[in-house]
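Structure first, commentary second.
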């Protein structure tokens, strides 16, 4: 209520004068109950003439002597009770209907008691509006509310002070007129009393240690509660529910729940109380600070899971955070739900505690065995395993085996020089590989696919044997001999002792020139003298080939049985 309105009401109003304004200037006549006689019923004019002992015979509407079905309840000459509603200048207005209404009111006052009715609050519907005020009806009883008791405000400078018909209005009974059988009510007094009671209630509830509230609505950012069975409404902000910080109210509450909270503020603009649940609970972070340190292992319950991590209940209304990177040892975790579910009770290691910020970070993976340690326990170099391609790079592919990502380099994909993993594999593929190397110090695993494939020499051995004569090109030369490339990816060794001096000189000269094209033009022919597919070894000999050629030539010469030339001359001629 505004200060001006309050002051206006607090002035001692003369209710008798107010009633005079309502009842009219001639109090001795207006409002009196008199008896009249039906002189004439004029149905075509919808009126009934009544004799009341005056020169002029006033009339009442025909409807006042008709029942609900339209039947006329009186006849000419019948007596009936009436109420004088106007008596100015000898022109009387009367009403049988108002007499009946006053009778109902009179009986109501007698039944309830005038003293008992005073200060009672009604919730009536507006039935009619006159220049003097409003007629309200509740349970068939009529009440009168003068305009100056309606407590309406001017808006925009215009007088809009009107309540609409059928509107429900709460008002307080402040006067009973037994003589006129009328009950006068005031909306102004009711509102003033409500404001006073509200203010007293606010001051009283603010002093309480806690207040029991009933949840009447749940939104994404607050609880709407009813205080003291409808006396007032309040809000509990999401940040005032728990010491955990702002939480989603839908996770813990629903309509109808009863909660204990403390009033922390009154919003004058919204006319609503702000409450706090956490204000009546002990801050758990004080206890946490005293009892938990980084490195401690604690048992927690998973309370919520998001793609970036999980929230865990550590007890006493406190919550910790398990980042997705601390859930497991996997380098790339799609979602924590793959490893934990809401409600799981798990052990974690405390990583960080910040009591002031109410932040506690924990780790699950620190309590799990490292994948590399498990790999070392279960795998050995040479083991054949199947893994999934998790990443393909320019230098090779990473294969996931037993939660460990091993590297398959391009050079270990197959026996073809220049092969790249990216040309053959994609993420998600399954590939069989052999453990090539385990680097314990750096916790790395090298894999090989080509170790599971036949070597070029093994393939070569399927079509060749010792004694065969083959050709190749020089690939490299060492102190102990030269490497010759035969066919695709097959290298053979010709040791120094298996070649002639002039052969080595020719090889070295070509290699020194640095001309790769010329180097490849040097064709080398030799005899296979050693072929070991298991040990992947192939040796050639130029000397052995030359010796074989000599023996073959000797056989040819003997076959011709030409005795005219000596063996020396024949050989000399052959090698010119």
Exercise for review: List the number of the failed condition for residue 90; all other conditions in (1) in contact with a strand residue (DSSP E or B) (Cβ under 7 Å, 6 or more places away or on another chain); (2) at positive phi hold.
Suggested key: (1)
Check your understanding: Which one is farthest from the chain's Cα centre (by Cα), of the residues in the range 326-346 that are under 30 Å from residue 283 (Cβ atoms) and exposed (fewer than 12 other Cβ atoms within 10 Å of the Cβ)?
Key -> 345
Point to revise | Among (1) loosely packed, with under 14 Cβ neighbours inside 10 Å; (2) part of a loop (DSSP other than H, G, I, E, B); (3) at negative phi, the one test that residue 464 misses | key: (1)
**Study point:** Boolean, residue 142 is at pLDDT 90 or above, assigned by TED's automatic domain parsing to the domain that holds residue 41 and either over 21 Å from residue 193 (Cα atoms) or surrounded by 19 or more Cβ atoms within 10 Å (Cβ to Cβ) (or both)
**Key:** no
Review point. Of all strands (runs of 3 or more DSSP E) completely enclosed by the range 66-156, which ones contain at least 1 residues that are within 21 Å of residue 190 (Cβ to Cβ) and without any contact (Cβ under 8 Å) to a residue 12 or more places away in the chain?
Key: 133-138
Check your understanding: Which residues, counting only those in the range 159-209, are modelled with pLDDT under 90, over 30 Å from residue 261 (Cα atoms) and either part of a strand (DSSP E or B) or within 42 Å of the chain's Cα centre (by Cα) (or both)?
Key -> 177, 182
Review point. Out of (1) in a loop (DSSP other than H, G, I, E, B); (2) modelled with pLDDT of 90 or more, what's the single condition that is false for residue 262?
Key: (1)
Check your understanding: Does at least one position in the range 428-439 carry a residue that is farther than 30 Å from residue 297 by Cα and without any contact (Cβ under 8 Å) to a residue 12 or more places away in the chain?
Key -> yes
Exercise for review: Check 308, 266, 253 and return the single one that is in contact (Cβ under 8 Å) with a residue 12 or more places away in the chain and exposed (fewer than 12 other Cβ atoms within 10 Å of the Cβ).
Suggested key: 308
Revision key, fill the gap. Taking the range 471-506 and keeping residues surrounded by 14 or more Cβ atoms within 10 Å (Cβ to Cβ) and part of a helix (DSSP H, G or I) leaves 496, 498, 503, 504, 506
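The values are calculated or read from the model by the stated rules, or taken from the named source; none is laboratory data. None of these values were measured; they are calculated from a predicted model. So basically every Cβ, Gly included, is an ideal-geometry build from the backbone, and we count neighbours across all protein chains shown.
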